[in-house]
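One structure is given here, and the rest of the page talks about it.
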Amino acid sequence: MGQNMAAAARPEGEIDRARYQFQILSDTAAELSGARHPHKILESFLLSAQGGVGARGGFAAILGRGEFQLMTRSSLSRSLTPEYAKVLREHLDALGDERKVSFFVPSLQGELCPGKCELLLVCPLDDGQDGILGLEANLAGRPYDDNDKQLVAGLGTLFQTSLRFSLFATRVELLNAELSKRNDTLDRQIFHLHALRDLSREIIRVDMTDVMDTFLLTVLGHFARPQGLLLLHDRSSGKVFTSAKGSSAGPELATRDVERLIFLCLAGVRQKHLQPLQVEAVERMEALAEVPMGFEPERAYLFMLRENMYGVMLLGRSLDASVSTEEELLQAFVSQGVMHLKNADSFATISALNENLAEQNEELRRTISELTRAKDQISMLEAAGRRIASIVQSKAEGLIRVRGFDFVLILALSLGMALAFNFHNPRGISLIEAAGPEIPFVTLEQALDLIESEDALLVDARPREFFEREHAAGAINIPAALFDLVYMMQMAAEDPERPIVVFGRSVSRRYDQIVAGKFLGRDHERVYIVKDVAPLALDGGEK
Amino acid sequence: MTSRALRILTHPLLSLVLRLYLSGVFIYASLHKINFPAEFADNIAGYLIVPYWLVNPLAVFMPWLELVCGLFLLAWVRVRATSLLIAGMLIMFTLAVIVALV
């Protein structure tokens, strides 16, 4: 009611003016709603504000950290300088962060402003930016009143809202553009990953030659390169693996050429000291022309599989210029391929080790079998040895043992052989002497009587040495062994009737019996034997 | 010193040498007596220690006993018994000589 009464009290001119200002605000809002670019917004804002208050000129700008980032202006504000922007920024920063709504800055108006702006409106934006509106003096020469300021403030609010929206839209567009760019990068990375996955799928092999061929073909196909050469050189064994594609015939490279090529590649890479699985791009390609390869390589990669095993991949020119620029992907391909080559080499090494191990196992098995047989033989020989040792020991014990049987054996053997030999020996002797003829015995007295009365011959029948040791006086010695000789020499003419007294027997031999028998054999009839007398006891018979 | 002498006396080589010598002596001595038993019987009788009825059997048997013992000793057969028999014969012969000398 109060307001209606106040409105009713206003003069007609003010009402028209207010209507005009509302119309301006409405038109400006409609215009700004369709504006997306900050520059258009600034222009609309400046024109609406300038026209709404009847300003002679002005400017609208976006003030950044220390400079005007975007500006639109009329002729009156051409003298706006970066220094003024800095002064304005310092002044606004001094107000702190509480600035949310539009406000006028009277302290920088007038003479302080290079364009001599009578109104300076600041519209805080985001991220430390501010929208600035400067209006010069009124065309009518009157000062700006509250209605003018209210109109400008309202326009400032619209300007602030539109500019924020525009800036947000711009930022969203920027974000969208960056997102698109990142999507492109991601797509490319996915493409790379797919390509590497395809490479891995195609090189799932274990044979080195197959891996090299597949690797080279995949790289050539993916990067549209018609010619390529892949070389591996094992310096420890001197072996060279070659895979060539695209040329009519693979290059016939000798080991010396391969070593030369690797040396040239090593001279052309940036990192001279390669580590296993390290791939280096050859930067100086012109030196490689020394080695005949059948094509002109455009790219070359030197890599090291393991100690003393180097490899080189040489690629010809690409048919697709866009593909040839994908250096990073190519490097990744080569690195991935080198991994597969390393796996193939490791597999070859493991296979060789397995074969060697299998041979060793077979040899070990044979050795164990032989050892088992040898052990059995040794066991058998040991058993035989023990048996022989026991037998030998038994025999040895038998040798050194004293048994009655041994004596019996020796004595019986000796006796048997003695009897047998003596029986067949022509000089053998009888074991028991024959009884011989009956020869009468006489006593010592009778013997002495025969010697004394009948001049009996006293014969000592003992051997000569016994006779010489002691003998009876008058006795003659006729040993049994020499009987025939002595008889022939001394007694051939002896009277057969003369009595003969024979004596001389020992415990071991009956010499008298033998000699007396021999006398009887010589036809002597009176032969007597005196026994059990000492030789000297017959001394009494001596004449 | 004693151990060294003992080591020499018990040396297997010395034992072998003595065994060969002793067996050789007995084998050699027996051969003649085996061939001429009557002569050996007279020798036995000369010692006057063997009864007359044992002289001839002894003259036939003893040489063969010497020969068998010598061969056994040489062949290392029944060594203990052979050695004892040879030792007994040596003692017997020694006593006979002593008796004959006395």
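Tell me, please, whether a residue that is open to solvent by less than 40 Å² (accessible area, probe 1.4 Å), aliphatic (A, V, I, L, M) and without any contact (Cβ under 8 Å) to a residue 40 or more places away in the chain can be found in segment A:313-320. Within segment A:313-320 (the criterion being open to solvent by less than 40 Å² (accessible area, probe 1.4 Å), aliphatic (A, V, I, L, M) and without any contact (Cβ under 8 Å) to a residue 40 or more places away in the chain), the answer is no, since none of the residues qualifies. Looking across segment A:456-474, the residues that are assigned to a helix (DSSP H, G or I) and open to solvent by 60 Å² or more (accessible area, probe 1.4 Å) come down to A:464, A:465, A:468, A:469.
Residues in segment A:44-54 include at least one that is open to solvent by 50 Å² or more (accessible area, probe 1.4 Å) and modelled with pLDDT of 75 or more.
So that you can scan it fast, the table gives a plain yes or no per residue for (1) assigned to a helix (DSSP H, G or I); (2) in contact with a strand residue (DSSP E or B) (Cβ under 6 Å, 6 or more places away or on another chain); (3) free of Cβ contacts under 8 Å to residues at least 12 places away in the same chain; (4) more than 24 Å from residue A:409 (Cβ to Cβ):
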position	(1), (2), (3), (4)
B:17	yes, no, yes, yes
B:39	yes, no, yes, yes
B:61	yes, no, yes, no
B:77	no, no, yes, no
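Matching residues to (1) facing chain A (nearest Cβ under 7 Å); (2) surrounded by 21 or more Cβ atoms within 10 Å (Cβ to Cβ); (3) farther than 30 Å from residue A:397 by Cβ:
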{"residue": "B:56", "(1), (2), (3)": "yes, yes, yes"}
{"residue": "B:67", "(1), (2), (3)": "no, yes, no"}
{"residue": "B:83", "(1), (2), (3)": "no, no, no"}
{"residue": "B:91", "(1), (2), (3)": "no, no, no"}
{"residue": "B:97", "(1), (2), (3)": "no, no, yes"}
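Considering only residues in segment B:31-47 that are open to solvent by less than 50 Å² (accessible area, probe 1.4 Å) and more than 17 Å from the chain's Cα centre (by Cα), the one that is farthest from the other protein chains (Cβ to nearest Cβ) turns out to be B:46.
Report yes if some residue within segment A:180-197 is over 30 Å from residue A:54 (Cβ atoms), without any contact (Cβ under 8 Å) to a residue 24 or more places away in the chain, surrounded by 11 or more Cβ atoms within 10 Å (Cβ to Cβ) and among the hydroxyl-bearing types (Ser, Thr, Tyr); otherwise report no. The answer is no, given that none of the residues of segment A:180-197 is over 30 Å from residue A:54 (Cβ atoms), without any contact (Cβ under 8 Å) to a residue 24 or more places away in the chain, surrounded by 11 or more Cβ atoms within 10 Å (Cβ to Cβ) and among the hydroxyl-bearing types (Ser, Thr, Tyr). The single condition among (1) open to solvent by 20 Å² or more (accessible area, probe 1.4 Å); (2) in a helix (DSSP H, G or I) that residue A:216 does not meet is (1).
The set of residues in segment A:148-191 being over 60 Å from the mean Cα position of the chain (by Cα) and of a type in the set (Ser, Thr, Tyr) consists of A:157, A:161, A:162, A:166, A:170. The number of residues in segment A:388-424 that are within 7 Å of another protein chain (Cβ to nearest Cβ) and polar (S, T, N, Q) comes to 2.
Yes/no matrix, rows are residues, columns are (1) more than 20 Å from residue A:336 (Cα to Cα); (2) charged (D, E, K, R); (3) open to solvent by 40 Å² or more (accessible area, probe 1.4 Å); (4) in contact with a Cys (Cβ under 9 Å, 6 or more places away or on another chain):
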residue: A:223; (1), (2), (3), (4): no, no, no, no
residue: A:232; (1), (2), (3), (4): no, no, no, no
residue: A:238; (1), (2), (3), (4): yes, no, no, no
residue: A:271; (1), (2), (3), (4): no, no, yes, no
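Only residues that are hydrophobic (A, V, I, L, M, F, W, C) and surrounded by fewer than 16 Cβ atoms within 10 Å (Cβ to Cβ) were counted in segment A:29-43, giving 1. Residue check: residue A:297 meets all listed conditions (1) farther than 18 Å from residue A:230 by Cα; (2) part of a loop (DSSP other than H, G, I, E, B) but one, namely (1).
When residue B:20 is tested against (1) open to solvent by less than 80 Å² (accessible area, probe 1.4 Å); (2) more than 20 Å from residue B:88 (Cβ to Cβ); (3) at pLDDT 90 or above, just one condition goes unmet, and that condition is (1). The residues of segment A:494-542 that are closer than 15 Å to residue A:478 by Cβ, open to solvent by 10 Å² or more (accessible area, probe 1.4 Å), more than 14 Å from chain B (Cβ to nearest Cβ) and in a loop (DSSP other than H, G, I, E, B), listed by number, are A:494, A:498, A:522.
The values are calculated or read from the model by the stated rules, or taken from the named source; none is laboratory data. For clarity, every value in this text was computed on a predicted model and none was experimentally measured. Reconstructed Cβ throughout: ideal geometry from the backbone, glycine too, with neighbour counts over all protein chains shown. For the accessible areas, the whole protein counts, side chains as well, though only heavy atoms, and no ligand, DNA or RNA atoms are used. Shrake-Rupley method; radii C 1.70, N 1.55, O 1.52, S 1.80 Å.
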